[in-house]
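**Q** One structure, as structure tokens, below. Some questions next.
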Amino acid sequence: MNEWAANDDAAGQAIAGPPWTRLFGRGPLPADGPANNDSAPARNGDEARPALAAPIAIPPRLAPSLTAPRFPRRIETPRLALDMPTLEDFHALQRMAADASMFRYSERGAMTADEAWNLLLRHVGHWLVAGYGVFTVRDKASGRFAGLVGGSSFQRNLGPDFDAVPEMTWTIASEFRGRGFATEAAAAVVEAVEAQPALQSTVCLIHVDNQASLRVAAKLGFRFFRYCDYRGYGAGLFCR
């Protein structure tokens with residue numbers, strides 16, 4: 001759940017990795033042309049209402065059916081159920097986001113209710129725009145919310161070898177830590193992401209002191225390819 005802002009790092013040079021597949025295409029924008037004839041004549045000396053600009057078409061490659069046409073909306077593992085987030089997940093997400101221990105390797109502290117709400121909306125919106133994203137994770141045995149795991153495009157301004165590739169993220173609620181849920185859920189998502197012709201590769205960003213996440217990344221087969229500095233924290237960039 002960390003929010004990272006990138007800055008230039010002279011020591012962090014990109015090295016060769018797998019071929020990157022760009023996630024988003026800009027798509028054609030409509031040519032400039034006459035505005036809609038939606039102005040009204042002046043009345044009583046008032047100026048005419050300005051014409052409205054023609055609507056801009058959504059780039060077609062952002063459509064879910066074209067970006068990730070076969071990406072699953074639900075994934076099950078032996079112990080976990082992963083689903084697209086919905087507004088019904090808010091209260092469980094809010095409780096997890098209010099736990100300060102979740103942000104030990106972040107520049108920020110626990111989230112307020114409105115910040116947790118915005119986080120949920122971002123994840124829901126990413127699914128609508130890109131056709132894939134972060135899943136809610138539930139423990140099958142108890143049915144309880146256990147965290148968020150998935151892939152997203154966070155547009156961190158780290159260069160095309162990172163920003164153009166789905167970024168894996170895993171956040172497990174404190175009461176479920178130490179049970180291997182992050183590895184189990186992330187492995188299933190990585191398999192689903194890399195099976196998509198439009199996606200294929202994955203990357204991740206990890207605080208250099210976050211040993212638990214570094215172990216998860218190693219188990220998933222990620223390899224280090226660059227070091228960067230984010231908001232005062234050293235972080236490694238990893239790819240598969």
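**Q** Tell me the label-point distance for the pair residue 177, residue 194, using the 7 Å Cα-to-Cβ offset, in nm and rounded to one decimal.
**A** 2.7
**Q** While we're on this one: Compute the length gained on full extension between residue 209 and residue 79: take 0.36 nm times their separation in residues and subtract their Cα-Cα distance, giving the result in nm to one decimal.
**A** Taking residue 209 through residue 79 to full extension adds about 44.0 nm, to one decimal.
**Q** In whole Hz, what ³J(HN,Hα) sequence does the stretch 174-189 give by Karplus (6.51, -1.76, 1.60; θ = phi - 60°), x for Gly and Pro?
**A** 4, 6, 10, 5, x, 10, x, 5, 4, 5, 4, 6, 5, 4, 5, 5
**Q** Would you mind classifying the stretch 133-236 by shape? Square roots of the alpha carbon gyration tensor eigenvalues, ordered a ≥ b ≥ c; an a/c under 1.5 is rounded, otherwise it is prolate if a/b is larger than b/c and oblate if not.
**A** Oblate.
**Q** In whole Hz and in residue order, list the ³J(HN,Hα) couplings for the stretch 204-219 that follow from phi through the Karplus curve 6.51 cos²θ - 1.76 cosθ + 1.60, θ = phi - 60°; x for Gly and Pro.
**A** So the J values, rounded to whole Hz, are 7, 10, 9, 4, 5, 9, 7, 5, 4, 5, 4, 5, 4, 4, 5, 5.
FYI, it's all coordinate maths here, none of it is from the lab. Computed from a predicted structure; not experimentally measured. When we count neighbours, we look across all protein chains shown, and the Cβ atoms used for this are built from the backbone with ideal geometry, even at glycine.
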